[in-house]
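The values are calculated or read from the model by the stated rules, or taken from the named source; none is laboratory data. This one's a predicted model, so the numbers in the text were calculated from it and none came from an experiment. Cβ: placed from backbone, ideal geometry, glycine included. Neighbour counts: every protein chain shown.
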Amino acid sequence: MEGAFQMSTPGGNPRRADAMRNRQLALEAATALLAQPGTALTVEAIAKRAGLGSATVVRAFGGKDALLDTAISGLLEPVVQRAKTLLEKDSPEQALRTFLGELIAFQSAHHAISDQLGGLDLPATATLEAELVRSVDEMIAAARANGTIRTDLAPAVTTTLISQATYAIARSQPASQELADAFLTVLMDGLRPPTPG
């Protein structure tokens, strides 16, 4: 694949090929850094990892915000699609449990998505995050409707409880599957309707 970027064809534009290659290298570097806890997501750090100059990275995307928006939305899109798929094929309670387990793993693997993005302009990421929240809200609403999740808590309270607790477990160090499984068991048990009497 790399050879395709380096070859020039009759009528082709070698500069455009270089620009596309640089864009891909910068995107791969930003995506890799998003998976490293404590790494500063600066243009300089991204450029160093990509083996490019800082000016080249900025030129490839027009700025740090656009680069990170592309990288993060690329990571989030399959997560959003997975939530929708689970909602269509599983019972609401099972969809919620499965998805929360996968979300914990995703958040644990990509610390920097939440750590360093305050104040950045990330429109594609914001759109996908809103879709993700909608999908989880739909799972909760469907589970409430079929009686598998308690209705004595307001939906917004349930969503906040799930969101904050899931995030905390994902950030526990070291993250472990055993802890995630135990958390999901306790959470889902606690969300079931109380037994009468």
Practice prompt. Considering every residue within the stretch 68-79, establish whether at least one is touching an Asp or Glu at 6+ places or on another chain (Cβ under 9 Å), surrounded by 15 or more Cβ atoms within 10 Å (Cβ to Cβ) and acidic (Asp, Glu).
Written response: yes
Discussion item. With the requirement that a residue be at pLDDT below 90, surrounded by 15 or more Cβ atoms within 10 Å (Cβ to Cβ) and of a type in the set (A, V, I, L, M, F, W, C), what does the stretch 9-42 give you?
Written reply: ALA17, ALA19, LEU33, LEU34, LEU41
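Only one of ASP121, ASP115 is within 30 Å of GLY62 (Cβ to Cβ), at pLDDT below 85 and either out of contact with any Cys (no Cβ under 9 Å at 6 or more places or on another chain) or surrounded by fewer than 14 Cβ atoms within 10 Å (Cβ to Cβ) (or both); which?
Details: ASP121 fails: at pLDDT below 85.
Result of the check over ASP121, ASP115: ASP115.
What number of residues within the stretch 59-80 are in contact with a His (Cβ under 8 Å, 6 or more places away or on another chain) and hydroxyl-bearing (Ser, Thr, Tyr)? Even if it seems obvious, please write down each step before you answer.
At the first step, the residues of the stretch 59-80 found to be in contact with a His (Cβ under 8 Å, 6 or more places away or on another chain) are 75.
Remaining after also requiring hydroxyl-bearing (Ser, Thr, Tyr): none.
Adding up the residues that qualify gives 0.
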Discussion item. Under 9 Å between Cβ atoms, which residue pairs at least 6 apart in sequence (or on different chains) link something in the stretch 45-70 that is at positive phi with a partner that is surrounded by 15 or more Cβ atoms within 10 Å (Cβ to Cβ)?
Written reply: GLY51/LEU25; GLY51/ALA29; GLY63/VAL43
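Residues that are among the hydroxyl-bearing types (Ser, Thr, Tyr) and in contact with a Leu (Cβ under 9 Å, 6 or more places away or on another chain): list the helices (runs of 4 or more DSSP H) wholly contained in the stretch 103-192 that include at least 1 such residues. Outline the logic, then answer.
Working: elements: 112-115, 123-145, 155-170, 177-191.
Fully inside the stretch 103-192 and qualifying: 123-145, 155-170.
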Discussion item. Among the residues that make up the stretch 158-171, is at least one of them closer than 23 Å to ALA35 by Cα, of a type in the set (Phe, Trp, Tyr), touching a residue at least 60 places away in the same chain (Cβ under 8 Å) and outside the structural domain of VAL43 (by TED's automatic domain parsing)?
Written reply: yes
